[in-house]
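Readers should treat all values here as calculations from the given coordinates under stated rules, not as data from a laboratory. Worth saying up front: this structure is predicted, and the values here are computed from it rather than measured. Neighbour counts are summed over all protein chains in view; Cβ atoms, including those assigned to glycine, are modelled from backbone coordinates with ideal geometry.
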Amino acid sequence: MTELRHYEVVFLVHPDQSEQVAGMLQRYQTLVENGGGRVHRVEDWGRRQLSYTIHKLHKAHYALMNIECDGSTLAAFQEAFRFNDVVLRHLIIRREEALVEPTTLLKDREEKDAREREQLEQENQARRQAAQVLDGEADTEGESLPSDLGIDVEPEEDTGDEADSDLGAFTPTQH
């Protein structure tokens with residue numbers, strides 16, 4: 001059996017073909033596994049700005065793989081890149097050991113996504129609380145909403161005519 005070595009593979013895909021990246025990653029993983037190797041890490045970094053233009057393009061879709069394979073599988077890997085017009089550039093670096101932890105770029109993106117989800121959840125919770133308070137306050141007169149919601153409801157005079165009431169048409173807005 002031939003010796004397996006560790007490699008880090010980064011490749012750039014034409015931005016108009018971004019939807020193909022998931023399929024390409026799957027094909028390359030299958031290529032490595034069928035050759036008796038292992039895939040340690042796969043990251044899709046998405047569309048990013050290039051440092052310099054390539055084929056008059058300013059953006060490309062980036063992907064990273066950390067693999068362990070033999071020389072013949074690596075040659076097939078390089079050939080797959082060379083004859084694929086969608087791959088703008090690729091770089092294969094030999095590593096001493098497998099890297100399995102997520103890159104800083106991916107960690108930062110996941111943290112940003114988590115913060116955005118948390119902020120969205122807090123906004124939704126505030127809207128639900130405001131709606132509950134409005135529903136509860138519509139039944140009582142002369143009370144104002146908590147000041148932290150930023151909404152004041154003036155008490156209405158009871159004219160006995162529900163059509164004149166504009167409280168039912170009141171919807172809170174986000175400030």
note = Phi angles of the stretch 117-130, converted by Karplus (6.51 cos²θ - 1.76 cosθ + 1.60, θ = phi - 60°) into ³J(HN,Hα) in whole Hz with x for Gly and Pro, give 5, 5, 5, 4, 5, 5, 5, 5, 5, 5, 5, 5, 5, 5
For Arg89, residues with placed amide H under 5 Å, excluding near neighbours = Leu12
inquiry  = Taking 8 Å as the Cα distance limit and 6 or more residues as the minimum spacing, I'd like the relative contact order of the stretch 5-97 as a percentage.
reply    = 48 percent
task = Just grab the label-to-label distance for Ala76 and Ala114, each label 7 Å out from Cα along the Cβ direction, in nm (one decimal).
result = 3.8 nm
note = For the pair Arg5 and Leu91, the simple spin-label estimate (label points 7 Å beyond Cα toward Cβ) gives in nm 1.8 nm
ask   = Say R0 is 22 Å: what FRET efficiency, to the nearest 0.05, do Gln129 and Asp44 get from their beta-carbon distance?
value = 0.05
